[in-house]
Ligand SMILES: [Zn+2]
C-alpha cells in the first residue's frame, strides 16, 4: 500500500489476524476522511486494509480514533459485519427500501462500535 505524500505510517496492528497499517493523514491526503460535509476523525478502508486517523488530534483522541476504527475493521475483516448486516437486512419492514435498510445497518454498526470501543484493550501501538 502506498502512503500519500506527507502522511505518516504510525505502525501496524493485527486486526482479525490481518496486519493492518495505521496511517495519520489530513483529509486532503486521504479523501476517505471526508464524508459529505463532515471531516471524520478516522476511517477504516476495508479494500486497502488500512486504518487512517486524521492529523491534528491530541494523542488521547488519536488513540480513541485508532481503537474505534479497529472495531470497524474487526467487524469487516472477521466477517461479523456480513453476519450482522444480513440479519438486519432480513428484518426489513414491508415497504422499506434496501437503501433505508442499509442506512439502518450503518447506524446499527456505529452503535456497536461506540459501545465496544471503550471495552477493547487499549492498543499497544506506540504512536509516533
Ligand atoms: Zn464509526
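The values are calculated or read from the model by the stated rules, or taken from the named source; none is laboratory data. From a predicted model like this one, the values you see are computed outputs, not experimental measurements. Quick reminder, even Gly has a Cβ in these numbers, built from the backbone with ideal geometry, and neighbours come from all protein chains shown.
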Cβ pairs under 7 Å, 6+ apart, first in the stretch 17-42 and farther than 15 Å from residue 7 by Cα, second assigned to a loop (DSSP other than H, G, I, E, B)
18/49; 20/49; 34/27; 39/27
Restricting to the stretch 12-38, name every residue that is in contact with a strand residue (DSSP E or B) (Cβ under 7 Å, 6 or more places away or on another chain), closer than 13 Å to residue 70 by Cα and buried (at least 16 other Cβ atoms within 10 Å of the Cβ).
13, 20, 21, 22, 23
Tabulated pairs, the stretch 57-85, first over 19 Å from residue 119 (Cβ atoms) and free of Cβ contacts under 8 Å to residues at least 40 places away in the same chain, second part of a helix (DSSP H, G or I) and away from the ligand (no atom under 12 Å from the Cβ), C-beta under 6 angstrom, 6+ apart or interchain:
85/105
If a residue must be outside any loop (DSSP other than H, G, I, E, B), surrounded by fewer than 16 Cβ atoms within 10 Å (Cβ to Cβ) and at pLDDT 95 or above, how many such residues does the stretch 39-74 contain?
1
Taking the stretch 103-122 and keeping only residues that are in contact with a helix residue (DSSP H, G or I) (Cβ under 6 Å, 6 or more places away or on another chain) and either near the ligand (Cβ under 9 Å from one of its atoms) or without any contact (Cβ under 8 Å) to a residue 24 or more places away in the chain (or both), one is left with 105, 113, 117
